[in-house]
Amino acid sequence: MRPSLLLGAALTLIFTFAALLSFVWTPGDVTAVDIASRLQPPSAVHWLGTDQLGRDLLSMVMTGARTSLAVALVAVGLGMGLGVPLGLAAAARQGGWLDELVMRTNDLIFAFPSLVIAILITAIFGPGALNAILAIGIFNIPVFARLTRGAALSYWRREFILAARVAGKGASRISVEHILPNLANLLIVQGTIQFSLGILAEAGLSYVGLGAQPPVPSWGRMLADAQTMVSLAPHVAIVPGLAILLTVLGLNLLGDGLRDALDPRLRPSRA
Amino acid sequence: MLGYALKRLTSLALSLLVASLVIFLVVEVAPGDPASYMLGLNAQPDTVAALRNELGLDLPKWQRYLSWLGGMLSGDFGTSYTYRTPVAQMVADRITVSLPLALYALGLSTLIALPAGIYAAARRGKAGDAAVIGATQLGIAIPNFWFAMLLVLLFALKLRWFSAGGFPGWESPLMALKSLTLPAVALALPQAAILARVMRSSLIDILSEDFIRTARAKGLSRRQALWRHGLRNALIPVLTILGLQFSFLLAGAIIIEQVFFLPGLGRLIFQSITQRDLIVVESVVMLLVFAVIAVNFLTDMAYALADPRLRHPR
């Protein structure tokens, strides 16, 4: 196995594990304010130090991982859940009105500045994790719809699809039973990449105060809180940023590695 | 060519019309009445009603949509509810920050990315290539607002080379450029990482083409073949990405503008959203969408001019 795939899988597993662990155990209490021990550098008691309210940063990062991963994962799920059926349906009737409608809507959504619209949605419907999911998820729909349509079209010309048609199967059955399984690899890889983009987007939204609201910890808001402390205690800003960086890096490496591993045509060249 | 241009132009107009409708509807469902926001909590109901009347907020929605659309078409983007200044004026002020910032960031990212991508492609599979790939992985994964904070920590707070934020205006161009430098670097890094990857893979694809082998067979060295024949062809996808990045940078600087307290377009939208200054939000978002669609249209036209096959899709 390639070392980058291994590293990506390891990083992803570590952060997923930390997020899950935070449900049952964290080293400190993320809601307990302890001003006496505020802004402490990393030590034996607080492995990653404490923030401006004396909260344990490791515990904050672990609980923050939960927020980031959950928001991004559900947003990707939303994009896939709507985008893939739309893409399959568009490909099944290439050139039909549904195909036209899906593709034109896609073009339109791509023309909107995604960050601006995400901020608009969260500001309108109120800040919070659920609306962040919606805002990020909407922009995942066209990504998956376009990818699915393009890949499905190439399969519709293949002989085994013709055989299925001769056998009397309808377009929707062929799409689900014969085309979708062939797209699984592609969708997993793209899903990983959108997952990492979702984490970046969630961090940005909560940085400007439009993501998950206190007391739910989130990496973006930890960074926003740290901004005024950055000269006093740099670690308060460095820790959550590193958490974002390593998670996104892990997912990207995993996605790239999976693509190379799942697609034999890519293996020898074009790494 | 003319027929193709007309067809694309019609679809452009249609896209803009649909976009305007979507923007108007999204903004209109926003809870919170702009008039009550402006007058505060203790406002009398009849004062609010009078202001609603003055701003035209009491008209039916379709009438307000049509008058907004008509205004946009004739260059009148409306008047800000909060500041009582024409939106066009506000946009013109803010664009003197956002446009130079976007160009600065784009320039920096091109300067970093193209040499890095060419270097990596020329040394494909070797240590230098691996180093560039590793660096681009980091560049893509880094949240740009966090990178911005680290830049401020190092270059503004520790070394004191730059100010930590704010914009002095263009009276002194040198000072203005200086205050845009850290934001531009923060914006450029992730863009450069993407661009370098596109440059590398595009050049690698081109270098395996037959005409490069022909050039080598003619007696050109690898380096000569790369510079004379490879690069020019490899630049086409790079230019496409550059076009996309430009429209992204114009609006995508929202968070970076927050970090550095820059009075740009992004901050204008952000403030207008929080103040329920709906007309500013609608008009500025519409202008940005127009910019993206127009850039896409021009790119398509340039391709169609260069490559006749593209004029008859499918």
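The values are calculated or read from the model by the stated rules, or taken from the named source; none is laboratory data. Here the structure is a predicted model, which is why all the values come from computation and not from measurement. FYI the Cβ positions are ideal-geometry reconstructions off the backbone, even for glycines, and counts take in every protein chain you see. Accessible surface is based on the protein model in full, side chains and every heavy atom, while ligands, DNA and RNA are left aside. Shrake-Rupley method; radii C 1.70, N 1.55, O 1.52, S 1.80 Å.
Structure values in brief
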read-out	value
Computed [θ] at 222 nm, helices only, for the protein assembly as shown once each DSSP H run of length n ≥ 4 contributes -39500 (n - 2.57)	-24000 deg cm²/dmol
Within 10 Å of each Cβ in A:204-210, the average number of Cβ atoms from other chains	4
Region A:176-222-region A:71-91 distance, computed between alpha-carbon centres (Å)	12 Å
Probe 1.4 Å - accessible area at A:I117, Å² to nearest ten	20 Å²
Listed peptides B:219-231, A:218-230, B:63-75 by packing density, highest first (mean Cβ within 10 Å)	A:218-230, B:219-231, B:63-75
Net charge of neighbours whose Cβ lies under 9 Å from the Cβ of A:L186, counting Lys and Arg as +1 and Asp and Glu as -1	0
Rounded accessible area per residue of chain A, 1.4 Å, Å²	45 Å²
Rounded if a/c under 1.5, otherwise prolate or oblate - the protein assembly as shown, Cα gyration tensor axes	rounded
Spacing of the two label points (7 Å from each Cα toward its C-beta) at B:A176 and B:R216, in nm	5.0 nm
Cβ neighbours within 10 Å from other chains - mean over A:115-126	6
Helix B:265-274 axis, angle to chain B major axis (alpha carbon atoms, nearest 10°)	40 degrees
With Cα atoms, 0 to 90° folded angle of helix B:278-306 axis to chain B main axis	30 degrees
Percent carbon-and-sulfur accessible area, region A:3-266, ignoring ligands, DNA and RNA, probe 1.4 Å	70 percent
Cross-link reach list, lysines versus B:K61, counting only Cα pairs under 16 Å and skipping chain neighbours closer than eight places	none
Protein accessible area in chain B, 1.4 Å probe - carbon and sulfur %	67 percent
Order of exposure, largest accessible area first, which applies to A:D263, A:D56 with probe 1.4 Å	A:D263, A:D56
Highest to lowest packing among B:134-143, A:160-169, scored as the average C-beta count within 10 Å	B:134-143, A:160-169
DSSP H segments from chain A that extend 20 Å or more along their own axis, Cα-based, with Kyte-Doolittle mean of 1.6 or above	A:3-24, A:57-92
Computed Kirkwood radius, in angstrom, where 1/r is averaged over Cα pairs of region A:3-266	20.1 Å
Peptide A:221-229 - average C-beta neighbours from other chains (10 Å radius)	2
From phi via Karplus (6.51, -1.76, 1.60), per-residue ³J(HN,Hα) for region B:182-198 in Hz, x at Gly/Pro	4, x, 5, 5, 4, 6, 6, 4, x, 5, 4, 4, 5, 4, 4, 5, 5
Accessible area of A:M60 in the full protein assembly, 1.4 Å probe (Å², nearest 10)	10 Å²
Inter-part distance where region B:155-203 and region A:100-143 are each reduced to a Cα centre, Å	28 Å
Summed buried accessible area for B+A [probe radius 1.4 Å, Å², rounded to 100]	3500 Å²
Amide proton proximity set for B:T79, modelled H, under 5 Å, gap of 5+	B:V87
